[in-house]
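Scroll down for the structure; my scribbles are underneath it.
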Number of protein chains: 2
Amino acid sequence: MIHLAIIEDNISIRGVLTDYFSAEQGYEVVLSAGSFEKFHDEWRPADTRIDVVICDIGLPGKSGIDAVWYIKSKSEKTHILMLTVFEEREKIFQSLCAGASGYMLKSTPLAEIKTGINDILNGGAAMSPKIAMQVISYFNKRKQVSAVESENLTAREIEILSFLEQGLANKAIAEQMSLSVDTVKFHIKNIYLKLQVSSRAELIAKYKQF
Amino acid sequence: MIHLAIIEDNISIRGVLTDYFSAEQGYEVVLSAGSFEKFHDEWRPADTRIDVVICDIGLPGKSGIDAVWYIKSKSEKTHILMLTVFEEREKIFQSLCAGASGYMLKSTPLAEIKTGINDILNGGAAMSPKIAMQVISYFNKRKQVSAVESENLTAREIEILSFLEQGLANKAIAEQMSLSVDTVKFHIKNIYLKLQVSSRAELIAKYKQF
DNA sequence: TAGAATTCTACCCATTTGGGTAGGCTTATT
DNA sequence: AATAAGCCTACCCAAATGGGTAGAATTCTA
């Protein structure tokens, strides 16, 4: 039996979800609340096991993201599937950072939400395609790299840049490349000029990938 | 009509994919190759529009990741769905960085691959749940934060750490926090001690999130 | 209340770094 | 052949940084 909890302020959506999963075989809605505060008051982590929480992002009072932090701190094993009407980039990343296992649009059919829950319980994650795209675009380096490439770094400079990004000192870079420290400094100066920074810390903070 | 290309060295898998999509209404397989090199020779970007490339990761010769870079550089609008037997974290991220729009396991049913392609063409992304989990876990800060927290950084140190990660100089940090430069230096020394580094560049390179 | 931890400030010193300038070398490009 | 671009080295100087030590105020905790 899969124990579900639902946190959703819209009473009709909460009703639909609760009714649907209550009727489904193998699922049980053990808690249904209209706000994080309500959920917080009613849930006794030690007594009530919850496998998956379906949680709205835009809750009145404390947000759904706060809810994620709280739930994961109380019960590491409990998974959280965020549900929202928004496709806001920021919210998505905040939820994921907090430890959510999935993120689906409210427009998602109930059957797909059910599939998502099962995916989560099988060690996967559930994401609506549009959400997945947002997440994927986060990794896309094509622009970032071109940002560096467009500054016309020479091969040598790119090589040194990669050492800089590893946090190496000039002396270490010089040894690695069998160059004099002065030469390394020379190239670094040019890199700074092209990338418009004035210290290695600034450079790494701005341009380091990952 | 959706124009597909398939790059896959396993002849039987390539056959299955080619046959399936050739038979599907609205799809046309315009190119089917067993390696990136073959694909490279046969594709004329200017003449042949490709909407989606289904591409294996573990190709003989140049890898699927190289293929992604090449395809995206020649035709920005062409989407790429990576297909693989591996769930390797590194490969996933490399593909996404290169500009892939999706990543599915080879065990995925053909119908789901087809759904994935449609998701991609509708501005979404396609990911198998297990892959999505890998990606999501990348964002999960709960552990990463503890990696820093386990070193027992004090509140003040964490505050300064966040400025360091932005690449700020001591003087700038001092101004931001209304402290003397000496105080900032004092805290930074302690941070270095706890995190076992000896320069800001090394610190940012090692501990910067994202 | 006493001790511990944290925070803030200050000073010293050696090293590293950033920025400027200058000259020689090699390898395309014209 | 001449010019340009990239690469390497060297030197100078001021600023920033890293590391050590030390004293005092504050807050938390036993």
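Just a few scattered comments:
- Label geometry 7 Å along the beta-carbon vector: A:Glu112 inter-copy distances in nm: 1.5
- MRE, 222 nm, helices only [DSSP H, n ≥ 4, -39500 (n - 2.57), over the protein assembly as shown, to nearest 500]: -16000 deg cm²/dmol
- Alpha carbon centroid spacing (whole Å) that separates region B:27-98 from region B:1-16: 11
- The gain in end-to-end length when the B:Lys62 to B:Gln25 segment is fully stretched comes to 10.1 nm, 0.36 nm per residue minus the alpha carbon separation.
- 0 to 90° range, to nearest 10: angle between helix A:89-98 axis and chain A longest Cα axis: 80
- Annotation: for a label point projected 7 angstrom from Cα along Cα→Cβ of A:Lys77, residues of region A:88-109 with backbone N closer than 20 Å are A:99-102.
- Applying a DSSP loop filter and a limit of 13 other Cβ atoms within 10 Å to the trypsin sites (Lys or Arg not before Pro) in region A:1-96 leaves A:Arg49, A:Lys77.
- Helix axis angle, B:129-139 relative to chain B longest principal axis, alpha carbon, degrees: 20
- 10 Å Cβ neighbours from other chains, averaged over peptide B:121-129: 6
- Counted over the protein assembly as shown, the DSSP beta bridges are approximately 0% antiparallel.
- Shielded residues, region A:154-177 - accessible-area loss of 30 Å² or more between chain alone and all protein chains, probe 1.4 Å: A:Gly167
- Each other copy places its own label point for A:Ile158 at 4.0 nm from this one, sorted shortest first, where the point lies 7 Å along the Cα-to-beta carbon line.
- By the rule of a C-alpha distance below 29 Å, with chain neighbours fewer than 8 residues away ignored, the lysines paired with B:Lys194 are A:Lys72, A:Lys74, A:Lys171, A:Lys206, A:Lys208, B:Lys141, B:Lys143, B:Lys171, B:Lys185, B:Lys206, B:Lys208.
- Taken over chain A, the alpha-carbon convex hull comes to 155 cubic angstrom per residue.
- Solvent exposure of region A:2-139 amounts to 42 Å² per residue of accessible area, where only protein heavy atoms count and the probe is 1.4 Å.
- Modelled FRET efficiency - R0 22 Å, A:Ser12 with A:Lys38, Cβ distances, 0.05 increments: 0.85
- Label-to-label distances for B:Glu28 across copies, nearest first, come out at 5.7 nm, using points 7 Å from Cα in the beta-carbon direction.
- Relative contact order (%) - chain A, alpha-carbon pairs under 8 angstrom, separation at least six: 12
- Cα-based shape type of the protein assembly as shown, given that a ≥ b ≥ c are square roots of the gyration tensor eigenvalues and the cut on a/c is 1.5: oblate
- Cβ charges +1 (Lys, Arg) and -1 (Asp, Glu), total dipole of region B:2-139, debye: 240
- Taking label points 7 Å from Cα along the Cα-to-Cβ direction, B:Lys106 and B:Arg49 give a separation of 3.2 nm.
- Dipole-positive endmost among A:Ile71, A:Leu168, A:Thr154 within chain A (Cβ charges, Cα centre): A:Thr154
- With a 10 Å cut-off around each Cβ of A:94-106, the average count of Cβ atoms from other chains is 4.
- Packing rank of B:51-59, B:125-133, A:28-36, where each peptide gets the mean count of other beta carbons within 10 Å, highest leading: B:125-133, B:51-59, A:28-36
The values are calculated or read from the model by the stated rules, or taken from the named source; none is laboratory data. Note that the coordinates shown come from a computational prediction; the quantities given were computed from them, not determined experimentally. For neighbour counting, all protein chains shown are included, and Cβ atoms are generated from backbone atoms with ideal geometry for every residue, glycine included. When the accessible area is computed, the model is the full protein with side chains, heavy atoms only, and any ligands, DNA or RNA have been set aside. Shrake-Rupley method; radii C 1.70, N 1.55, O 1.52, S 1.80 Å.
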